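Inspection log for the structure reproduced underneath, given as structure tokens.
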Amino acid sequence: MTVLLGMAMIPCMLIDWADHRPETYVFEVSSFGTILIGTCIWVLSRGEVERSGQREAFLLTVLVWVYLPVIASIPFLASGMSFTDSVFECISGLTTTGATVLTGLDDMPRGLLLWRAILQWIGGIGIIVTAIAILPQLRVGGMQLFELESSDMSGKFLPRITDIAAYLGLTYLIISMLCALLYYLTGMNWFDAITHSMTTMSAGGYSTHDASFGYFNDTNAPYVATVFMFIAGLPFSLLAMLLLQGRIRPMLTDPQPRVYLGLALFFSTAIVVYHEAVVEPPIFDHVFHGFKEALFNIISIMTGTGYASAPYDTWGPPVMTIFLVATFVGGCAGSAACGLKMFRLEIAAKTIVAYSRRMTQPHRRTPIRYAGKAVNEETLQSVMVFVFLYLVTFLGAAALLGLAGLDALTAISASATSVSNVGPGLGPLIGPSSTFQELSDFAKWVCAIAMLLGRLEFVAVFVVMTRRFWRG
């Protein structure tokens, strides 16, 4: 993986060569150094036992997401950024959070801009494979509901991951290429089309312009982005069935896409109705314009893409509340999206209703069903533990950011956007028109750790941190 990361730096080096940039040494040194490190690791580990089980899977899952951002930060360090800012940018990139500490993107070397997009694209497929092939087998956060048939954790773990990654990677590549082509046809140049397709399909949100997607508001690109951001939030196993096998029924029968689409339309409609009925004069020119802007930004936040086409933090307190709620909601399980996920929201809601009924009728049996099947107690417990850890991590990060001197709105939104891997927060400091550059190093590390915890579904990290895990 380290060698592959070093090879992924080569296109960045080539584009800087083509632009005759003086910074070409950044990727020359970084690529050579990364490939050398990866080769040394491979040579030193030759002859090791290849068998891996559940404990090794937990450890490998966590270490990969901690180790790779450090290696990926080498080009940023070589370009003169501090260690904190470099690692923050790479953690944000690989976890597809999209929070950035960089400004002046319009004048930045295209090599670095491409590297940011590549990080998010790599992170996107890594997240999808983790969610579909690893977390269900580790029984993390209720993901066992999506466990693939004939799974085997004894000796076949890594080969199975390779097979699944190839299958999903082909789907991911095809949709990304289609997205890039449509972006180009709407008027983007090839560089913007390719980089934005990478950050759209990964639900990452890094842009090549300081104005984010607002730079393309005069084109039809926002329509393309809305569609493909929505696709990025769908279960990729079902997308693979649809695209590679022509099977549409699994997508239509799965409850997640319906709930996902329904919430996106509900949030967008609520924003438009509020502005048409309450705000004088309305911010939007007409209802269609308002719905387009609201839908784009709501899907961007729900999926964790984090593109911004307008400063929605100025649309009024009720709208900010809707966006804060959308930050937690997320997309579907097995997608590049972030947040609590649709299936957990549905199961948690049904669990609350079931236990409320049992309070008044103790002898009543109220089975909780998902997708027509009864959910066992172990899965219910996993979901509720996940929700608990999610809220505790969010509150803990918000408290630490408050101690770092941030105001309440900034601390809460920064914590929410980091834990949910969304990107932009609320308020003038980290809002959709700002960056995380002004935060202290302490605050940046708090946000970076929250990003990793959120992307690794919390439980995997906490399991590795227990004493019993290391005792075997």
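The values are calculated or read from the model by the stated rules, or taken from the named source; none is laboratory data. As the structure is a prediction and not an experimental result, all values here were calculated from the model. Ideal geometry is used to build each Cβ from the backbone, glycine not excepted, and the neighbour counts take in all protein chains shown. SASA here: full protein model, heavy atoms, side chains in, ligands and nucleic acids out. Shrake-Rupley method; radii C 1.70, N 1.55, O 1.52, S 1.80 Å.
Miscellaneous remarks
- Per-residue accessible area (protein heavy atoms, 1.4 Å probe) orders W42, W121, W190 as W42, W190, W121, starting from the largest.
- The fraction of accessible area contributed by carbon and sulfur in the chain is 67 percent, rounded to a whole number (1.4 Å probe; ligands and nucleic acids excluded).
- Shown is the FRET efficiency for W42 and A166, computed with R0 = 22 Å from the Cβ-Cβ distance and rounded to the nearest 0.05: 0.60.
- Annotation: peptides 254-263, 165-174, 230-239, ranked by per-residue average of other Cβ atoms within 10 Å with the highest first, follow the order 230-239, 254-263, 165-174.
- At least 24 Å along the helix axis (C-alpha) and Kyte average at least -0.5, DSSP helices within the chain: 25-44, 54-72, 110-129, 157-185, 255-277, 342-360, 377-403
- Three-way shape call for the chain based on the alpha-carbon gyration tensor, with the a/c threshold at 1.5: rounded
- Its Cα centre serving as origin, the chain has a Cβ charge dipole (Lys and Arg +1, Asp and Glu -1) of approximately 2240 debye.
- Highest-first arrangement of 110-116, 6-12, 221-227, where packing means the average Cβ count within 10 Å: 110-116, 221-227, 6-12
- Summary of packing: across the peptides 337-349, 78-90, the per-residue average of other C-beta atoms within 10 Å ranks them, highest first, as 337-349, 78-90.
- Within the shell defined by Cβ-Cβ distances under 15 Å, the residues around M465 carry a net charge of +3, with Lys and Arg each +1 and Asp and Glu each -1.
- A211 versus R110: modelled label distance in nm, points set 7 Å from Cα along the beta carbon direction: 2.0 nm
- Two-site label geometry, N376 and V227: point separation in nm, points 7 Å out along Cα→Cβ: 4.2 nm
- Amide H contacts of Y370: V375, each under 5 Å away and 5 or more positions distant or on a separate chain (H built 1.01 Å from N in the peptide plane; Pro and chain starts excluded).
- For S356, S92, the ranking by accessible surface with the largest value first comes to S356, S92, using a 1.4 Å probe.
- At R0 = 41 Å, FRET efficiency that the Cβ-Cβ distance of A270 and F462 yields, to 0.05: 0.70
- One chain, two ends: R471 and V3. Fully extended at 0.36 nm per residue, the span grows by 165.3 nm beyond their Cα-Cα distance.
- Distance between the 7 Å Cα→Cβ label points at D19 and N220: 2.9 nm.
- Length gained when the stretch H286-Y67 is fully extended (0.36 nm per residue, less Cα-Cα span): 74.0 nm
- Net charge contributed by nearby residues that have their C-beta within less than 12 Å of R21 (K/R +1, D/E -1): -4
- Accessible area per residue for segment 268-365 is 42 Å², calculated with a 1.4 Å probe on protein heavy atoms, without ligands, DNA or RNA.
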